[in-house]
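Data first, discussion second: the structure below is written as C-alpha cells.
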Amino acid sequence: MPSRSFSSGNPRGDVAEDGNVLVVRRLLPVPRDQVFAAWLDPASLAQWMRPGEVESATVEVDPRVGGKFRIVMVHSGGGEEHWGEYLVIERPSILSFTWISAFTDRRPTVVTIEFLERGAASTELILTHRGLPAAQVDAHRNGWTAIVAKLDVRLTLECGGLPPL
C-alpha cells in the first residue's frame with residue numbers, strides 16, 4: 001500500500017501525496033464563483049499561474065469541455081510550455097483538465113479541482129493531480145502549492161481583504 005503523507009507549511013493549506021497522486025487543499029476567503037472563474041480567465045491565470053522563479057506567464061484558453069489551453073511560464077532560463085484539454089467544467093464546483101508538459105514526460109496527466117463553499121464568502125479548494133511520473137511528484141507539489149497560494153493572495157486583494165500570512 002503506498003504511503004500517504006501530509007505537509008502543512010501554511011495553516012490555510014495542506015498537501016497530501018498517495019503514490020503518483022498529489023492533493024493540495026487551501027481555504028480561500030473568497031466566494032466560490034470568483035475562485036472558479038479565475039481558473040478560466042486568461043488574464044487572471046497569467047497573474048498567478050507562476051510558481052517559484054517564474055517571472056511571467058502567457059495564457060491561452062478555450063474554456064469549454066473539449067477546449068484547449070496553453071500556458072507558457074517564463075523564467076530566467078527560458079519558457080516552459082504546459083498545455084491540455086478541459087474534461088469537466090461544472091460551474092462553480094468542479095473543473096478537470098489534462099496537464100501535459102516536459103515535466104509529465106509529455107504524457108497527459110489529469111488535474112481535478114473541487115470548489116467547496118465554506119460559509120457565505122469562503123471556498124475550500126481541493127486540487128488533485130493524478131498520473132504524474134514518480135520523479136515529478138515533489139516538483140508538482142511545490143508548484144501547485146505556490147500557484148494556489150498566489151491565487152489566494154490575488155483574489156483576497158481583489159475582494160478588499162488582507163493577504164494571507
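By other beta-carbon atoms within 10 Å, ranking Phe103, Phe36, Phe97 with the fewest at the front produces Phe103, Phe36, Phe97. Taking other Cβ atoms within 10 Å as a rough exposure proxy, Asp152, Asp62 sort from fewest to most as Asp62, Asp152. Rounded to the nearest Hz, the phi-derived 3J(HN,Hα) couplings of segment 79-96 under the Karplus curve 6.51 cos²θ - 1.76 cosθ + 1.60 (θ = phi - 60°) are x, 10, 8, 10, 8, x, 9, 6, 9, 9, 9, 10, 5, x, 10, 9, 9, 9, where x marks glycine and proline. The Kirkwood hydrodynamic radius of the chain, based on inverse pair distances between different Cα atoms, is 16.0 Å. Taking amide H positions as modeled 1.01 Å from N, with prolines and chain starts lacking one, the residues under 5 Å from His75 and 5 or more places away or on another chain are Glu55, Glu80.
Counting charges near Ile113 (Lys, Arg +1; Asp, Glu -1) among other residues having Cβ under 13 Å from its Cβ returns a value of +2.
Loop-located trypsin sites (Lys or Arg not before Pro) in segment 102-145 (DSSP state other than H, G, I, E, B) with a sparse environment of at most 16 neighbouring Cβ atoms within 10 Å: Arg106, Arg118. Taking the number of Cβ atoms within 10 Å of each Cβ as an exposure proxy, the fewest-first ranking of Leu95, Leu22 is Leu95, Leu22.
Every number here is computed from the coordinates shown, using simple stated rules; none is lab data. The structure displayed is predicted, hence computed values, not measured ones. Here Cβ is always computed from backbone atoms with ideal geometry, including for glycine, and neighbour counts include all displayed protein chains.
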